[in-house]
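> Pasting a structure below so you can have a look.
Please treat every number below as a calculation from the coordinates, not as lab data. Given the structure is predicted, the values throughout are model-derived calculations rather than measurements. Neighbour counts are summed over all protein chains in view; Cβ atoms, including those assigned to glycine, are modelled from backbone coordinates with ideal geometry.
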Amino acid sequence: MANTHDEAGRDDDEVVTLRPYDPAWPAGFRSEAQVLAEVLGPWITGGVHHVGSTAIPDLAAKPVIDIMVGVADLDSSRPCIDLLAELDYCYAPHRADVMHWFCKPSPARRTHHLHLVPTGSERFADVLAFRDHLRAHPEAAREYERLKLQLAARHSHDRDAYTSGKSAMVAALTRKARTWSADHQSRP
């Protein structure tokens, strides 16, 4: 049976703490991606991608590896929820209309976030474009990092406020990334 977490009870959420970039993060992603590919293989249609701040070289980040897996659609990938529970992924119905979202091992102590996202969706394309744009534009990554550091200092005990505070910049950078990515190919 799936390990689930109801978002309403967020009192056990981990404190928002940013760390300097850790060169071990990509290896941590590759190790986890290999396990996920073995378990989720039949459902993977768009690859397994390292996303989020730990995927951007030299960017301070919460020490949580974000992984996005492209799936055909949300309905057909529902069996993955129980399979991922066996790997200590906790399912939460966060943005359930666009993805299946998981954290590992628990909301109180996170090492990984996993997003199962339909490969052809706007969300899938936007997440990869955002990551690739920040990788290719260090000045944009620095601007994003400055905001994250300010928000983490201000909202260390309120993950929702921290995330919400980034939303306008993330939206603006995503718009730029969409335009920029039209001429560039994404890589894991």
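> Placing +1 at every Lys and Arg Cβ and -1 at every Asp and Glu Cβ, with all other atoms neutral, what dipole size does the chain have around its Cα centre, in debye to the nearest 20?
So the dipole magnitude of the chain works out to roughly 660 debye.
> Now for a different question. At most 15 other Cβ atoms within 10 Å and a DSSP loop assignment: could you name the GluC sites (Glu not before Pro) in the stretch 7-83 that fit?
Working: sites: E7, E14, E32, E38; in loops: E7, E14.
Here the sparse-neighbourhood loop sites are E7, E14.
> Take V39, V15, V69 and order them by how many other Cβ atoms sit within 10 Å, fewest up front.
With the fewest neighbours first, V39, V15, V69 line up as V15, V39, V69.
> Which distance in nm do the two modelled labels at Q34 and R175 give, with both placed 7 Å along the Cα-to-Cβ direction?
4.3 nm
> Whole angstrom only: what separates the Cα centroid of the stretch 11-54 from the Cα centroid of the stretch 101-125?
9 Å
> Okay, helix-only estimate at 222 nm for the chain: each DSSP H run of n ≥ 4 adds -39500 (n - 2.57), divide by all residues, round to 500 deg cm²/dmol; what do you get?
Working: 5 runs with 78 residues, N = 188.
After summing the helix terms and dividing by residue count, I get -13500 deg cm²/dmol.
> Could you give the spread of the C-alpha atoms of the stretch 50-181 along their three principal axes, from largest to smallest, in whole angstroms?
Ordered largest first, the stretch 50-181 gives principal extents of 41, 34, 23 Å.
> Can you tell me the FRET efficiency between T45 and R154 if r is taken as the Cβ-Cβ distance and R0 is 35 Å, rounded to the nearest 0.05?
Rounded to the nearest 0.05, the efficiency is 0.35.
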